[in-house]
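Okay, so here's the structure we're looking at.
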Amino acid sequence: MKIIYILVLSGLIATGCGNSAKDKGLSEAKGGRLYGGTLKVNETDPYISLFPHKISDVISVDIANQIYEGLVRIDAKRITNVLPSIAERWEVSEDGTTYTFHLKKEVRFHNDPCFPDGIGREVKAQDFKYSFEKLCSPSEDNTLSAFRNYVKGAKEYYEAGKKGKPSFELEGVKVLDDYTLKITLNSPFSSFLFLLTGPAGFVIAHEAVEKYGMEMKVGTGPFVFCNESTPDHVILLKNSSYHRTDSLGNPLPFLDSIIFNVIPDKKAELEAFKKGDIHIIFGLPSASISEMVESQIADFSSKNPKYFLQRNSELETQYYQFNIKRKPFDNVKVRQAFSYAIDRDKIIADVLNTEAFGPGICGLTPPGISGYDITAVRGYPFNPEKAKKLLAEAGFPGGKNFPKINIEVNSGGGKYADVVEEVKKQLKAVLNVDVDYTVVPFTQKIEDSKYGRADLFRAAWIADYPSPENFLRTLYGIDVHDSLNLPSYPNTIRYKNPVYDSLFLKGSKERIQDSAYSDYLKAEQLMMNDAPLVILWYGENLKMIHTYVKNFYFNPMDFKDFSEVYIMKTPSADKP
């Protein structure tokens, strides 16, 4: 019997380049907190892009969140809260359509050669206007469409931009003075502030874009990108001119640097953690952790434990998406048959070693969003007989004449390859269909899905903010291209249903949560009836951290904020 020992973590943590990433030693701040040290984190794949408008993957977001900022930010302790960032305060009009932001003074861009004398200049309201106008300009590299769907005049600005730089300004973004910005929406959008906490809201400097283009990595955040970095070894250095302080008045950040390494294999990652080469890891293999806890119980349960371990549900859904533009998956009955043919409980028990919140038998939105009853959405529980019947009705009785199909996955430390192997067996056993699969780098999988280059793709969505709107947006059809020669993101499935779109848009405009959630539930049920995807499981992760890493907060969105992290001992002290 496998045992997982769970220790409650109330709130921890943790912690490029002319100066390199060498530690400068630890020095004391107020409240016993310490300055200095390097935090070492792992990712299973390299980042794809750190240009805010091009970001389409969670790994890039993890790094970019340390480099860039916007008007507001997510509260890592309570993810339902939005906190001031470059805006120190704001007002919202009574009708919910106008936001007036008041910017802090002396917030500066990172020092960089793109500025005169290499000194980062002060951020002004005009910089946000520039950033938002660029966000609303047509480009294959611009993957963030939500902003332009709600801001007044954004669609007109986007369409005009197809013929060159528009001759007019973005109507919904007005600079009132150097430190005051007004944003006007077409209609109320209850998640607008949350939208501004992510890459769509990050401020960028025109000097940096003009010098570096899509390779620009100049922000205002607590850490600065080091040019000695590589995609699988990213070094971020302390921004000594950062504008925020902690609750005790200590200037932030505490850390000298952060290093993001790429170790694809989860067992190798765990070994690196035990050696102190990594300070915090996410998504641990249950079996490996059981063995580690059982063999090193004192490191977890003593009065002064060496590690903290936490297991918690996440606002994450794992699924396969059909290429509905390609036969045979243009047939809804085929898609429904595949959904009924998969035994998700067996995948969770035998492949994931129970590391999941539960089987994906409801909708795309995961459990855990307060007030949103996902159990009201009827999905696809395991039903082999129904699966066979639907496939026969689609013209493939007993799997006869069904073409061989290919599922494209990324390795994810090996987990996703193991899952697809089990799915392959189940589809053969239940439907008598033959499945191949291809394991590709994460970067390729993202790019291929945008252009529909396989029959099915492994996919997942983890919340950018705690709302069903964030999940259902990935199926919103307004920006979907019919041609596979043009990329489609985030709706890589290219799902288009005008009733779904209408319900989704109606919900996003509701100012009363119950009304919005009612619309979202109707939209989600309609989408699930159309079965453009196979929901596999809802996320749950094991996470572990060295106890000398302080002020890091695990949360259901896996939102990583290292701005207040500090280390209570020198990194060399944790070597065995």
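Would you mind telling me which numbered condition in (1) in contact with a helix residue (DSSP H, G or I) (Cβ under 9 Å, 6 or more places away or on another chain); (2) part of a loop (DSSP other than H, G, I, E, B); (3) surrounded by fewer than 16 Cβ atoms within 10 Å (Cβ to Cβ) residue 495 fails?
(3)
I need the full set of residues from the range 216-232 which are closer than 19 Å to residue 199 by Cα and among the acidic types (Asp, Glu), in order please.
Listed by number, the list is empty, since nothing qualifies.
Of all residues in the range 312-363 being in a loop (DSSP other than H, G, I, E, B) and surrounded by 22 or more Cβ atoms within 10 Å (Cβ to Cβ), which is modelled with the lowest pLDDT? Full working, then the answer.
First pass over the range 312-363, keeping only residues in a loop (DSSP other than H, G, I, E, B): 323-331, 342-343, 352-357, 360-363.
Those left that are additionally surrounded by 22 or more Cβ atoms within 10 Å (Cβ to Cβ): 323, 342, 356, 360, 362-363.
Values: 323: 95, 342: 98, 356: 88, 360: 96, 362: 96, 363: 96.
Only one residue fits best here, namely 356.
Is it true that residue 254 is crowded, with 17+ Cβ neighbours inside 10 Å and more than 12 Å from residue 44 (Cα to Cα)?
It is true that residue 254 is crowded, with 17+ Cβ neighbours inside 10 Å and more than 12 Å from residue 44 (Cα to Cα).
Which one of the conditions (1) at pLDDT 90 or above; (2) under 23 Å from residue 57 (Cβ atoms) does residue 556 fail to meet, given that it meets all the rest?
Tallying (1) at pLDDT 90 or above; (2) under 23 Å from residue 57 (Cβ atoms), residue 556 fails exactly one: (1).
Go through (1) assigned to a loop (DSSP other than H, G, I, E, B); (2) of a type in the set (A, V, I, L, M); (3) under 30 Å from residue 369 (Cα atoms) and name the single condition residue 83 misses.
Checking residue 83 against (1) assigned to a loop (DSSP other than H, G, I, E, B); (2) of a type in the set (A, V, I, L, M); (3) under 30 Å from residue 369 (Cα atoms), the one that fails is (1).
Are any residues in the range 364-397 farther than 23 Å from residue 471 by Cβ and surrounded by 20 or more Cβ atoms within 10 Å (Cβ to Cβ), and if so, which ones?
Matches in the range 364-397: 387, 388, 390, 391, 396.
Could you tell me whether any residue of the range 442-461 is under 26 Å from residue 200 (Cβ atoms), in contact with a helix residue (DSSP H, G or I) (Cβ under 9 Å, 6 or more places away or on another chain) and surrounded by fewer than 20 Cβ atoms within 10 Å (Cβ to Cβ)?
Yes: the range 442-461 contains one or more residues that are under 26 Å from residue 200 (Cβ atoms), in contact with a helix residue (DSSP H, G or I) (Cβ under 9 Å, 6 or more places away or on another chain) and surrounded by fewer than 20 Cβ atoms within 10 Å (Cβ to Cβ).
Before we move on, is residue 62 of a type outside the set (S, T, N, Q), outside the structural domain of residue 191 (by TED's automatic domain parsing) and not in a strand (DSSP E or B)?
yes
Exactly one of (1) surrounded by fewer than 20 Cβ atoms within 10 Å (Cβ to Cβ); (2) farther than 25 Å from residue 149 by Cβ is unmet by residue 175. Its number?
(2)
Suppose we filter the range 154-169 for residues that are within 28 Å of the chain's Cα centre (by Cα) and crowded, with 18+ Cβ neighbours inside 10 Å; how many remain?
Number of matching residues: 3.
Under 7 Å by Cβ, and 6 or more places apart or on different chains, what pairs join a residue from the range 512-536 that is over 11 Å from residue 376 (Cβ atoms) with one that is assigned to a helix (DSSP H, G or I) and β-branched (Val, Ile, Thr)?
526/499; 530/332; 531/332; 536/347
Just to confirm my filter: which strands (runs of 3 or more DSSP E) fall fully inside the range 176-294 and include at least 1 residues that are at pLDDT below 90?
280-282
The values are calculated or read from the model by the stated rules, or taken from the named source; none is laboratory data. Note that this is a predicted model, so its numbers are computed, not measured. All Cβ positions, glycine included, derive from the backbone under ideal geometry; neighbour counts span all protein chains shown.
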